[in-house]
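Read through the structure below, which is laid out as structure tokens, and then see the notes.
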Amino acid sequence: MSDRAVRRGRLAAILVGLALAAAAPARAHPIDAATLTLKEVEPGRFVVRVQTGSGTLARQLGAAPPAVFPPPCRLDGAALTCGPAGLVGTIAFPWLEGTMTRLMVEIEWRDGTRLLRIATASARTLTVYGGAGGVRSLGPVVADYTRLGVEHILTGFDHLLFVVALTLLVRKRRALIMTITAFTVAHSLTLAATVLGLVTVPPAPVEAAIALSIVLVCAECLRPADTGSFTRRAPWLVAFAFGLLHGMGFASALMEIGLPEKHIPAALLCFNVGVELGQLAVIAAVLVVRALATRVRLARPPITRGVLYAMGATAAFWSLDRVAAVFGR
């Protein structure tokens, strides 16, 4: 392949990456917001209050119920009666379908337990475990937060690209295992420390640094392997350092979702396990694709470099956008 063709391939990859990056933030910004508050005033009986951010949303809801509550709960005006079993089960918000509304759901029980979750068009249900913290409510916590962890790594494109870039950078099996382990240990530490309130860092600089970490690893992948750079010689140390930042990003997402107060350690552990399962799935997919491409002789430098340029260009766009957000522009 000629140098001119290679340059054209690089330019096309960069333009595609920038187009994808430019489109992503547009889908991320909500058009409207609303709050649903449920406060337990008697055993199994809640006062329901809905606040909308605009008249348009208020008219859209009209006289329709703000949610579909689990049986045997019955909504009568502003009163929700669930009986002796309490509010336990799945709450659905079918009216969110097709909207870009972010619905904050806040539930408070008489014993002081609180649950705060965000519902959107892509997540129109949430599971409530009741005010009690017994074993009966632990099973759903394990299932839900493990699933949320998997979903977060698979839909969090910045974390996803970083894991892919690490997998492309480190070619030897033992070094890859050490690198991914270091990344896992690091983000597990800061995830727990941030969620538990031991570490507090503004999210905007963290998100900007995460995007820059992808740019750095992609740049290292594009450099010749014999350069002997620190990232090439000790990728596990670099992965550990950046893993600390990524853990804070995971924590921001988890705190937005909310945690069941009676099962915070279990929810935190299961979310982290879900992240690891998703991460391992991504690494396995990259390794399989790379092996298949090598077998059919598609793993040529121009193709690999084009993928890395697209990833790096996307991350560079995120970096500029997030650095501007840090300075309020």
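The values are calculated or read from the model by the stated rules, or taken from the named source; none is laboratory data. Computed from a predicted structure; not experimentally measured. For neighbour counting, all protein chains shown are included, and Cβ atoms are generated from backbone atoms with ideal geometry for every residue, glycine included. Only protein heavy atoms, including side chains, enter the accessible area calculation; ligands, DNA and RNA are left aside. Shrake-Rupley method; radii C 1.70, N 1.55, O 1.52, S 1.80 Å.
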For segment 246-283, which residues satisfy the criterion of being buried (at least 22 other Cβ atoms within 10 Å of the Cβ) and free of Cβ contacts under 8 Å to residues at least 60 places away in the same chain? Met248
So which of Phe250, Phe230 ends up being among the aromatic types (Phe, Trp, Tyr) and out of contact with any Phe, Trp or Tyr (no Cβ under 9 Å at 6 or more places or on another chain)? Phe230
Cβ-Cβ below 7 Å, separation at least six or inter-chain, first residue in segment 64-80 and open to solvent by 60 Å² or more (accessible area, probe 1.4 Å), second aliphatic (A, V, I, L, M) and in a loop (DSSP other than H, G, I, E, B): which pairs? Pro72/Ala85
Tell me yes or no: at least one residue of segment 226-235 is in contact (Cβ under 8 Å) with a residue 12 or more places away in the chain, part of a helix (DSSP H, G or I) and surrounded by fewer than 18 Cβ atoms within 10 Å (Cβ to Cβ). no
Residue within segment 71-81 that is polar (S, T, N, Q), in a strand (DSSP E or B) and out of contact with any Cys (no Cβ under 8 Å at 6 or more places or on another chain) present: no
Could you list, in sequence order, all residues of segment 214-225 that are without any contact (Cβ under 8 Å) to a residue 60 or more places away in the chain and either under 16 Å from the mean Cα position of the chain (by Cα) or assigned to a helix (DSSP H, G or I) (or both)? Leu216, Val217, Glu220, Ala225
Checked segment 297-317 for anything at pLDDT 90 or above and open to solvent by 30 Å² or more (accessible area, probe 1.4 Å); matches are Tyr309, Ala316, Phe317
Within the group Val142, Val150, which residue is surrounded by fewer than 21 Cβ atoms within 10 Å (Cβ to Cβ), in contact with a Cys (Cβ under 9 Å, 6 or more places away or on another chain), in contact (Cβ under 8 Å) with a residue 60 or more places away in the chain and not in a loop (DSSP other than H, G, I, E, B)? Val142
Checking the conditions here, which among Ala175, Ala182, Ala165, Ala193 is small (Gly, Ala, Ser), buried (at least 22 other Cβ atoms within 10 Å of the Cβ) and over 17 Å from the mean Cα position of the chain (by Cα)? Ala165
So Ala13 clears everything in (1) touching a Phe, Trp or Tyr at 6+ places or on another chain (Cβ under 9 Å); (2) at pLDDT 85 or above; (3) outside any loop (DSSP other than H, G, I, E, B) except one condition, right? Which one? (2)
Looking only at segment 37-70, count every residue that is in contact with a Phe, Trp or Tyr (Cβ under 8 Å, 6 or more places away or on another chain) and either assigned to a loop (DSSP other than H, G, I, E, B) or at pLDDT 90 or above (or both) and tell me the total. 7
Quick check on my filter: what residues within segment 85-96 are at pLDDT 85 or above and loosely packed, with under 14 Cβ neighbours inside 10 Å? Thr90, Pro94
Please go through segment 312-328 and pick out each residue that is without any contact (Cβ under 8 Å) to a residue 24 or more places away in the chain and either under 19 Å from the mean Cα position of the chain (by Cα) or not in a helix (DSSP H, G or I) (or both). Phe327, Gly328
